[in-house]
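**Student:** Below: one structure in structure tokens.
The values are calculated or read from the model by the stated rules, or taken from the named source; none is laboratory data. Please read all numbers here as calculations on a predicted model, not as lab measurements. A quick note on method: Cβ atoms are made from the backbone with ideal geometry, for glycine too, and the neighbour counts reach across all protein chains shown. Only protein heavy atoms, including side chains, enter the accessible area calculation; ligands, DNA and RNA are left aside. Shrake-Rupley method; radii C 1.70, N 1.55, O 1.52, S 1.80 Å.
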Amino acid sequence: MRIGIAISVYDKAAEVATNVNIIRNHWDYKDVFISVCCNHQETYEKLKDLDIDSLCLGEDYPVYGKPDLRLRQYDCIKKSLTGAAKNSDYVFHWHGDAYCLDSDSLLDLIGEMKSNGYLISARGVWKNYKAFRGESKAPYGEVDDHFFCIKSDHLISSKMYNDDDQVERIR
């Protein structure tokens, strides 16, 4: 089984280098495909020398407010996830400045997903989302974009990241 690691980043090259070092040199589990999307040209150039399996340049949308920032983040998450999903069985996402120090925790989560037939595992505000954020803030609930896992073939077959209407909603 191959694990995909999707990392999205804007301008934190040193943090991505630390992630790659941890994954490649300190994890016990070695069958890992690293996919990184970076929305910042200068940082992207720095990342080219790292041991990354798939590196792509995301859209560097200008940011005038939070919706613009979310659009840029969404683009980067989408591209890093889809790059990893094409080359793995399960894919995890986190931002460049977050770290997973032990591959065993990821394997444990995959084992739980398999045994329960889960396609996605994420933390978020589920049943209480209206009380937590208010109905207008998160009308459908929300999940945290750090440390979530998706079964790769589900990500691809569901086309969850192929819908341009999602981008319009984020705007």
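**Student:** Could you please let me know if L101 is open to solvent by 10 Å² or more (accessible area, probe 1.4 Å), assigned to a helix (DSSP H, G or I), in contact (Cβ under 8 Å) with a residue 40 or more places away in the chain and farther than 19 Å from Y161 by Cα?
**Tutor:** Details: open to solvent by 10 Å² or more (accessible area, probe 1.4 Å): yes; assigned to a helix (DSSP H, G or I): no; in contact (Cβ under 8 Å) with a residue 40 or more places away in the chain: yes; farther than 19 Å from Y161 by Cα: yes.
So L101 does not fit the description; no.
**Student:** Does Y10 fit the bill of being in contact with a Cys (Cβ under 8 Å, 6 or more places away or on another chain), open to solvent by 10 Å² or more (accessible area, probe 1.4 Å) and over 28 Å from D108 (Cα atoms)? Working first, answer last.
**Tutor:** Working: in contact with a Cys (Cβ under 8 Å, 6 or more places away or on another chain): yes; open to solvent by 10 Å² or more (accessible area, probe 1.4 Å): yes; over 28 Å from D108 (Cα atoms): yes.
Answer is yes for this residue.
**Student:** For the range 50-74, give me the residue count where each residue is over 11 Å from A13 (Cα atoms) and open to solvent by 40 Å² or more (accessible area, probe 1.4 Å). Walk me through how you get there before you give the answer.
**Tutor:** Let us first name the residues in the range 50-74 that are over 11 Å from A13 (Cα atoms), namely 51-74.
After this cut, where a residue has to be open to solvent by 40 Å² or more (accessible area, probe 1.4 Å) as well, the list is 51, 53, 55, 57, 59-64, 66-70, 73.
Qualifying residue count, the range 50-74: 16.
**Student:** Shifting gears a bit: Would you check which residues across the range 115-150 are modelled with pLDDT of 65 or more, surrounded by 13 or more Cβ atoms within 10 Å (Cβ to Cβ) and either among the acidic types (D, E) or over 25 Å from I7 (Cα atoms) (or both) and list them?
**Tutor:** E142, D145
**Student:** Which condition from (1) modelled with pLDDT under 95; (2) outside any helix (DSSP H, G or I); (3) within 18 Å of the chain's Cα centre (by Cα) is the one that I34 breaks?
**Tutor:** (1)
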